[in-house]
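Here's a structure for you.
The values are calculated or read from the model by the stated rules, or taken from the named source; none is laboratory data. What you see is a predicted model, and the numbers here were worked out from it, not measured in a lab. We place every Cβ from the backbone using ideal geometry, glycine too, and count neighbours over all the protein chains shown.
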Amino acid sequence: MMAEGSGAQLSDGVFIRDLIDTEAREVSLRVHHDREIFDLEMERIFARSWLPLAHESEIPNPGDFVRRYAGQDSCLVVRREDGSIGVMLNACTHRGMTLCREEKGHSQTFKCPYHGWAFGKDGRFLGAPFEKQMYGEVLRETADDLHLVTAKTGILGGMIFANWDHDAEDFEAYLGDFAWYLRAALERTNRGFEVIGPPQRQIMRANWKLLAEQLADGYHARALHESAGDMGTLGHDVHDPASWGMVGINVSTPGGHTLRCIDTRLAYSFAGIGNDASVAERLAAVPPPGANAEMVAQFPENLSEGQMRLLADTPPLVMGLFPGTDFFMLMSVGGSADGGHGPVMVARAWTPRAPDLFEMLTWTLVERDAPPELREQTRLTTLRNFGISGFIEQDDAEAWQGIQRSVQGPVARRMTAKYQARLGIVRPDDFEGGGDVYAGFSRDDAQWAWWKRYAEVMGA
Amino acid sequence: MNETMTAGQTATAFAAGRRLRAAEPRFLEILEFLWEEAALLDSDDLPGWRDLLDEEIRYRMPVCLTRRRGSGESFETEAMHFDEDLASLQFRIRRFVETQAWAADPPSRARRFVTGIRIWEGRGKDSYDVASSVLVVRTMDDDFRTDLVTAERRDRVRFSGEGAARLVERTIICDQTTIGTHNLAIFL
Ligand code: FES
Ligand SMILES: [Fe+2]
């Protein structure tokens with residue numbers, strides 16, 4: 001399958017690089033179909049990437065744990081005795097039995113149901129039943145090799161990421177220039193975010209990339225989310241792309257992370273605030289999603305001038321991390337109890353299961369300091385707009401599954417997905433954020449950067 | 001019925017009242033109500049379904065988790081798949097019926113098999129606690145594969161002065177912790 005030096009090659013002789021045409025900016029639809037490509041992705045991407053598993057607030061006390069998938073592997077996310085967090089493979093080192101059989105719980109140790117080997121909250125091998133009679137001193141001598149397989153961990157905005165590859169780049173390097181944007185959105189207040197309970201989990205009959213690459217696609221709002229326009233929650237002026245969220249700032253970084261920010265300056269005129277108002281005045285008048293005036297007052301303690309300006313003028317809407325995470329923060333969409341407005345605050349993760357199937361997890365984020373009414377408003381607006389029953393996301397699922405249906409056909413698989421709408425680098429004056437910045441109409445630039453990263457890690 | 005909604009929920013103990021015998025007239029009326037409701041949803045008559053909802057409807061589907069026996073915490077009280085009142089249900093229905101909602105156009109065909117019905121006298125006059133099992137078989141487009149969702153439903157049904165049954169509260173406790181369908185653009 002692999003030809004050294006010339007990139008990854010599939011069994012029919014086609015190279016991965018042939019599937020991603022960097023000149024024409026087109027991607028063969030075959031990438032969403034082939035089992036061979038999928039297997040390569042699992043090995044080259046998911047077994048070595050930083051993947052989000054849980055939020056710290058799901059496991060507040062030592063011994064609290066949740067069970068999740070990191071890539072294809074079942075794992076435990078555990079709060080250890082010293083308050084730190086460990087991510088361990090949920091497979092017993094004796095013969096591979098599933099160690100923990102519940103999805104959430106509290107335990108001081110993890111005991112294997114098969115022969116009873118026991119492991120600590122930190123994954124250390126503690127002992128085996130009848131150890132002396134069964135093994136004599138053998139296990140004591142090899143105990144260091146019997147600890148559970150652990151992953152490296154990193155935390156951002158309370159979200160716990162893990163990476164199975166201990167040689168992989170460290171978490172900060174992985175975030176790169178994107179950290180500046182993420183921290184502005186997720187670490188803006190003194191106490192930060194928590195999640196409301198465990199995530200929704202659901203299956204999607206589509207290839208995982210159809211979600212991952214869509215994150216920077218502002219263009220689909222008008223057609224796919226037409227009903228949001230009809231319901232008065234998007235596209236107040238049908239002919240104005242800005243009102244469909246298609247205008248703002250897109251960003252991509254070499255790591256394949258993509259960001260869409262919506263220009264909210266329009267909102268200031270509604271709030272009676274001129275564009276000459278200070279950043280603090282603008283933030284106080286129109287707090288970014290999920291925040292209130294008291295929280296805005298904490299921003300200067302946690303954010304730079306440039307980050308504050310980002311939140312005031314072009315708050316991040318969709319923050320996609322390559323390959324399997326995004327954060328979504330939106331204000332002013334419908335579906336709250338009064339049919340009015342509220343914040344939609346989401347963290348998502350996706351786990352590929354097969355070329356045409358992935359599992360999706362959706363958490364609701366809320367500021368720890370949110371007063372009860374804001375917490376409840378966030379919870380309800382979020383679940384009504386996003387996640388499995390969310391009326392915005394219901395329609396996105398149709399596009400992902402619709403493309404997947406197309407690529408079942410060999411003729412359709414020979415077609416390409418096209419990304420020629422190019423804006424080029426447009427960096428506003430005094431913009432502090434790093435990466436490649438595309439200010440203006442949300443064109444294909446950031447999405448294409450995602451595919452460039454994909455090609456790179458796939459060895460194209 | 002060993003787990004009940006607590007923390008911030010309006011529900012009090014479910015199924016605490018006298019259990020109705022299957023031959024009692026009220027049992028049969030409620031049985032007919034559930035059949036009627038399922039038929040309306042199966043035939044995609046969403047405005048018709050809306051007419052069976054009480055003004056005070058609370059419609060919830062908590063996130064469920066696999067837990068150890070006896071943990072008493074197999075579903076969540078705050079994390080939800082659905083948490084609706086009349087306004088938000090009407091919003092959803094209006095979207096499906098009146099706008100270009102791709103998730104429901106063409107509509108998927110979902111058939112609801114309602115069984116295992118048990119009924120108790122509830123709080124207040126003419127109010128009943130109703131437990132049922134539902135199997136939803138969902139078919140999309142020309143795909144022969146079907147999505148299956150199974151759940152226990154814990155309802156409160158109230159009879160109005162004119163004797164018409166209305167759904168006041170529904171809690172859907174799904175058996176799948178990973179929901180086996182791509183969206184919940186359907187009602188259960
Ligand atoms: S497989 Fe776990 S103790 Fe044997
Ligand atoms: Fe979308």
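What are the residues in region A:195-219 that are of a type in the set (Phe, Trp, Tyr) and either surrounded by fewer than 21 Cβ atoms within 10 Å (Cβ to Cβ) or within 16 Å of ligand 1 (Cβ to nearest atom) (or both), if any?
Passing the criteria: only A:Tyr219.
Determine whether region A:260-270 contains at least one residue that is more than 23 Å from the chain's Cα centre (by Cα), part of a helix (DSSP H, G or I) and within 25 Å of A:Gly154 (Cβ to Cβ).
Scanning region A:260-270, I find no residue that is more than 23 Å from the chain's Cα centre (by Cα), part of a helix (DSSP H, G or I) and within 25 Å of A:Gly154 (Cβ to Cβ), so the answer is no.
Next up: B:Val97 passes all but one of (1) more than 14 Å from chain A (Cβ to nearest Cβ); (2) surrounded by fewer than 17 Cβ atoms within 10 Å (Cβ to Cβ); which number fails?
(1)
Give the residue that is nearest to ligand 1 (Cβ to nearest atom), with candidates limited to residues of region A:175-194 that are over 14 Å from the mean Cα position of the chain (by Cα) and under 19 Å from A:Thr362 (Cβ atoms).
A:Glu194
Something else about it: I'm told A:Gly123 meets every condition in (1) assigned to a loop (DSSP other than H, G, I, E, B); (2) surrounded by fewer than 15 Cβ atoms within 10 Å (Cβ to Cβ) except one. Can you identify the failing condition by its number?
(2)
Given region A:352-429, what helices (runs of 4 or more DSSP H) lie entirely inside it while holding 3 or more residues that are charged (D, E, K, R) and under 30 Å from A:Glu26 (Cα atoms)?
In region A:352-429, the matching helices (runs of 4 or more DSSP H) lie at A:393-406.
Find the residue count for region A:367-388, including only residues that are at the interface with chain B (Cβ under 10 Å from one of its Cβ atoms), modelled with pLDDT of 95 or more and either within 16 Å of ligand 1 (Cβ to nearest atom) or touching a helix residue (DSSP H, G or I) at 6+ places or on another chain (Cβ under 8 Å) (or both).
Within region A:367-388, residues that are at the interface with chain B (Cβ under 10 Å from one of its Cβ atoms), modelled with pLDDT of 95 or more and either within 16 Å of ligand 1 (Cβ to nearest atom) or touching a helix residue (DSSP H, G or I) at 6+ places or on another chain (Cβ under 8 Å) (or both) number 0.
Can you list residue pairs whose Cβ atoms sit under 6 Å apart, with the first residue in region A:210-237 being free of Cβ contacts under 8 Å to residues at least 40 places away in the same chain and the second being outside any helix (DSSP H, G or I) and within 11 Å of ligand 2 (Cβ to nearest atom)? Count only pairs 6 or more apart in sequence or on different chains.
Cβ pairs passing all conditions: A:Ala221/A:Gly245.
Report, by residue number, each residue of region B:10-41 that is buried (at least 16 other Cβ atoms within 10 Å of the Cβ) and either without any contact (Cβ under 8 Å) to a residue 24 or more places away in the chain or part of a helix (DSSP H, G or I) (or both).
B:Arg26, B:Phe27, B:Glu29, B:Ile30, B:Leu31, B:Phe33, B:Leu34, B:Glu37, B:Ala38, B:Leu40, B:Leu41
Please work out which residue is nearest to the other protein chains (Cβ to nearest Cβ), limiting yourself to region B:166-187 and to residues that are in a loop (DSSP other than H, G, I, E, B) and surrounded by fewer than 21 Cβ atoms within 10 Å (Cβ to Cβ).
The selected residue is B:Thr178.
Being within 16 Å of ligand 1 (Cβ to nearest atom), more than 13 Å from chain B (Cβ to nearest Cβ) and closer than 17 Å to A:Ile160 by Cα, is that true of even one residue in region A:92-105?
So far as region A:92-105 goes, no, none of its residues is within 16 Å of ligand 1 (Cβ to nearest atom), more than 13 Å from chain B (Cβ to nearest Cβ) and closer than 17 Å to A:Ile160 by Cα.
For region B:43-88, what are the residues that are under 20 Å from B:Val130 (Cα atoms), charged (D, E, K, R) and touching a residue at least 12 places away in the same chain (Cβ under 8 Å)?
Within region B:43-88, B:Arg50, B:Asp54, B:Glu55, B:Glu56, B:Arg58, B:Arg60, B:Asp83, B:Glu84, B:Asp85 qualify.
Among (1) under 17 Å from the mean Cα position of the chain (by Cα); (2) over 24 Å from B:Thr150 (Cβ atoms); (3) charged (D, E, K, R); (4) within 14 Å of chain A (Cβ to nearest Cβ), where does B:Asp105 come up short?
Status for B:Asp105: all satisfied but (1).
May I ask you to verify whether A:Ser57 is within 16 Å of ligand 1 (Cβ to nearest atom), within 22 Å of the chain's Cα centre (by Cα), within 14 Å of chain B (Cβ to nearest Cβ) and at pLDDT 95 or above?
No; evaluated as a whole, the condition is false for this residue.
Count, please, the residues in region A:106-142 that happen to be away from every other protein chain (no Cβ under 14 Å) and either aromatic (Phe, Trp, Tyr) or within 16 Å of ligand 2 (Cβ to nearest atom) (or both).
Here the count works out to 6.
Let me ask you something else. Of the residues in region B:78-89, how many are surrounded by fewer than 17 Cβ atoms within 10 Å (Cβ to Cβ) and more than 7 Å from chain A (Cβ to nearest Cβ)?
1
I would also like to ask the following. Take the conditions within 30 Å of A:Ala297 (Cβ to Cβ), within 14 Å of another protein chain (Cβ to nearest Cβ) and polar (S, T, N, Q) and apply them to A:Thr233. Does it pass?
Yes.
Return the residues of region A:362-403 that are in contact with a Leu (Cβ under 7 Å, 6 or more places away or on another chain) and away from ligand 2 (no atom under 11 Å from the Cβ); say none if nothing qualifies.
A:Thr364, A:Ile388, A:Ser389, A:Ile403
Being of a type outside the set (A, V, I, L, M), buried (at least 16 other Cβ atoms within 10 Å of the Cβ) and more than 16 Å from ligand 2 (Cβ to nearest atom) is true for just one of A:Arg101, A:Arg17. Which residue is that?
Values: A:Arg101 fails: buried (at least 16 other Cβ atoms within 10 Å of the Cβ).
Just one listed residue meets the conditions, A:Arg17.
What is the number of the single condition among (1) at pLDDT below 95; (2) buried (at least 19 other Cβ atoms within 10 Å of the Cβ) that B:Gly163 does not meet?
Against the list (1) at pLDDT below 95; (2) buried (at least 19 other Cβ atoms within 10 Å of the Cβ), B:Gly163 comes up short only on (2).
Among the candidates A:Ser49, A:Ser74, A:Ser84, single out the residue that is among the polar types (S, T, N, Q) and surrounded by 21 or more Cβ atoms within 10 Å (Cβ to Cβ).
A:Ser49
Taking the stated definitions as given, is A:Leu361 within 11 Å of another protein chain (Cβ to nearest Cβ) and out of contact with any helix residue (DSSP H, G or I) (no Cβ under 9 Å at 6 or more places or on another chain)? Please lay out each step first, then the result.
Values: within 11 Å of another protein chain (Cβ to nearest Cβ): yes; out of contact with any helix residue (DSSP H, G or I) (no Cβ under 9 Å at 6 or more places or on another chain): yes.
Against the criterion (within 11 Å of another protein chain (Cβ to nearest Cβ) and out of contact with any helix residue (DSSP H, G or I) (no Cβ under 9 Å at 6 or more places or on another chain)), A:Leu361 qualifies.
For region A:140-256, which fully contained helices (runs of 4 or more DSSP H) count at least 1 residues that are among the small types (Gly, Ala, Ser) and more than 30 Å from B:Ala104 (Cα to Cα)?
Values: elements: A:171-175, A:178-186, A:208-212, A:221-224, A:226-230.
Those helices (runs of 4 or more DSSP H) span A:171-175, A:178-186.
Just a yes or no: is a residue in region A:32-49 part of a strand (DSSP E or B) and in contact with a strand residue (DSSP E or B) (Cβ under 9 Å, 6 or more places away or on another chain)? It would help to see each step written out before you state the result.
Taking region A:32-49 and keeping what is part of a strand (DSSP E or B), we get none.
Checking region A:32-49: not a single residue is part of a strand (DSSP E or B) and in contact with a strand residue (DSSP E or B) (Cβ under 9 Å, 6 or more places away or on another chain).
Step by step: first the residues of region B:108-120, then only those that are in contact with a helix residue (DSSP H, G or I) (Cβ under 9 Å, 6 or more places away or on another chain) and not β-branched (Val, Ile, Thr), then the one that is nearest to the other protein chains (Cβ to nearest Cβ). Which residue is that?
B:Ala110
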